[in-house]
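Everything below concerns the one structure shown next.
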Amino acid sequence: MDNINDLKALLAIPRDIVITTHRNPDGDAIGSSLGLYHFLNKGGHTVRIISPSEYPEAFSWMPDVEKIVIYDLDPEYSKELVDRADVIFCLDFNALDRIDKLGDLIEPTKSEKVMIDHHLYPEGFADYLLSDTTASSTCELVFDFIHMLDMAAELDVQIGECLFTGIVTDTGSFRYSTSAKLYRIVADLVELGVDDYKLQDLINNSMREKHLRLLGHCLHNRMEILEEYSTGLITLTKQDYEDFDIQRGDTEGIVNFLLKIKNVKMAAFITQQPTICKISLRSKGDFSVQEIAKRHFKGGGHQNASGGFSFQSLEATVGRFKKILPEYKEKLLAS
Ligand code: 5GP
Ligand code: MN
């Protein structure tokens with residue numbers, strides 16, 4: 001961010017600030033938003049977080065998470081907050097269409113917009129941009145941002161717990177997107193007093209019985225391994241959503257289980273939603289799923305974790321996915 005000094009000056013006096021993050025927020029979206037929220041609160045600003053949709057129950061332990069305004073539940077109040085904000089932070093997303101109608105509210109406002117994100121190809125709407133696609137998580141970048149403001153002394157356990165959460169969830173508990181720099185940051189967080197064992201337990205061992213049964217169903221009845229393409233696929237129908245009482249966030253992480261098979265290089269999880277089919281893609285190593293999500297499913301994301309959607313039926317969406325595999329066969333087998 002080459003205009004950091006302008007932003008420093010802007011934040012030198014108390015401001016009305018809105019922090020927003022992507023639809024269906026994950027640990028990094030919630031962790032980076034709350035971490036920045038606690039930091040800015042300490043600076044005397046008036047801060048509110050607006051999420052386009054509800055956050056998963058698994059994060060209900062996070063400090064002040066209940067204060068997040070949910071656009072879907074409170075569109076009028078969200079508009080009021082956006083309209084009076086001096087500064088709007090956009091965390092963990094790269095394009096305004098990732099926040100749906102909230103994006104239409106934000107775009108025309110006169111507020112200064114700050115994007116902090118690690119997704120490929122950030123859109124150009126922000127006045128201040130901190131984008132690093134090599135970063136493990138937006139939480140890592142919020143930590144960098146606080147340092148860039150020369151305010152590292154303000155970091156505390158509460159901020160640290162929030163940032164640690166996003167780092168753990170976006171790296172799959174330090175299995176991917178790690179770096180020496182990230183481990184140094186985490187060491188700093190632990191030194192601040194972050195209890196890494198307690199948080200890993202809260203983050204990774206908070207499933208309810210129904211979640212584990214749903215996972216069992218996916219792996220036993222809904223998994224297909226396409227050996228010829230080193231690809232694994234799990235699909236869920238509308239009926240599955242009813243039978244297992246699946247709520248938002250309940251399917252988080254299921255796609256990753258496919259990558260536990262040694263020869264599976266790409267994993268796809270396709271679910272039938274009320275109006276669309278959602279597709280989640282994951283890969284190992286050099287094979288990029290970003291291009292597939294962008295070209296074929298109106299989406300995008302990262303090299304190893306991307307997603308998109310389709311307006312076709314579940315059968316047609318699965319059919320389309322299988323049809324594109326031959327095109328990628330060579331790359332899949334070589335990676
Ligand atoms: P997930 O599979 O967990 O829903 O998403 C994984 C990643 O893919 C997200 O972090 C996000 O970067 C990207 N992603 C998921 N869905 C979409 C989508 O509909 N559009 C775009 N542009 N990116 C998506
Ligand atoms: Mn992220």
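Read-outs: derived from the displayed coordinates by stated rules, not from any lab. Note that the structure is a prediction, hence the values are computed from the model and not measured. Counting neighbours? That spans all protein chains shown, and the Cβs are built from the backbone with ideal geometry, glycine included.
See the values below:
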item: Size of charge dipole - region 4-204 - debye, nearest 20, with Cβ of Lys, Arg +1 and Asp, Glu -1, no other charges; result: 240
item: DSSP beta bridges in the chain [antiparallel fraction, %, rounded to 5]; result: 40
item: Farthest positive-ward along the chain dipole, Cα basis, beta-carbon charges - from Ser230, Pro108, Ile276; result: Ser230
item: Over region 210-334, equivalent-ellipsoid semi-axes from the Cα gyration tensor in Å; result: 22, 16, 13
item: Total charge dipole magnitude, region 118-204, about the Cα centre, Cβ charges on Lys, Arg, Asp, Glu only, Debye to nearest 20; result: 340
item: Order of Thr165, Thr21 under a 10 Å beta carbon neighbour criterion, fewest first; result: Thr165, Thr21
item: DSSP bridge orientation in region 4-204 - percent antiparallel, rounded to nearest 5; result: 0
item: For region 277-295 and region 40-103, distance of Cα centres in Å; result: 27
item: Ranked list, fewest to most other Cβ atoms within 10 Å of each Cβ, for Met266, Met207; result: Met207, Met266
item: The chain: radius of gyration over Cα atoms, expressed as a fraction of 2.2 N^0.38 Å; result: 0.99
item: Whole-Hz ³J(HN,Hα) from phi, Karplus 6.51 cos²θ - 1.76 cosθ + 1.60, for region 98-108, glycine and proline x; result: 6, 10, 6, 5, 4, x, 5, 6, 6, 3, x
item: Phi-based couplings in Hz for region 119-135 (Karplus 6.51, -1.76, 1.60; Gly and Pro marked x); result: 8, 5, 6, x, 5, x, 7, 7, 7, 10, 10, 10, 10, 9, 6, 8, 6
item: About the Cα centre, charge dipole magnitude for the chain (Lys/Arg +1, Asp/Glu -1 at Cβ), debye; result: 1220
item: Charge-dipole axis of region 4-204 as Lys and Arg at +1 and Asp and Glu at -1 on Cβ define it, positive-most pick from Pro63, Asn94, Leu7; result: Leu7
item: Residue order, fewest to most beta carbons within 10 Å, for His38, His147, His220; result: His220, His147, His38
item: Among the listed pairs Lys294/Lys329; Lys265/Lys329; Lys260/Lys323; Lys67/Lys113, those beyond 20 Å (Cα-Cα); result: Lys260/Lys323; Lys67/Lys113
item: Among beta bridges that DSSP assigns inside region 178-335, antiparallel share in %, nearest 5; result: 75
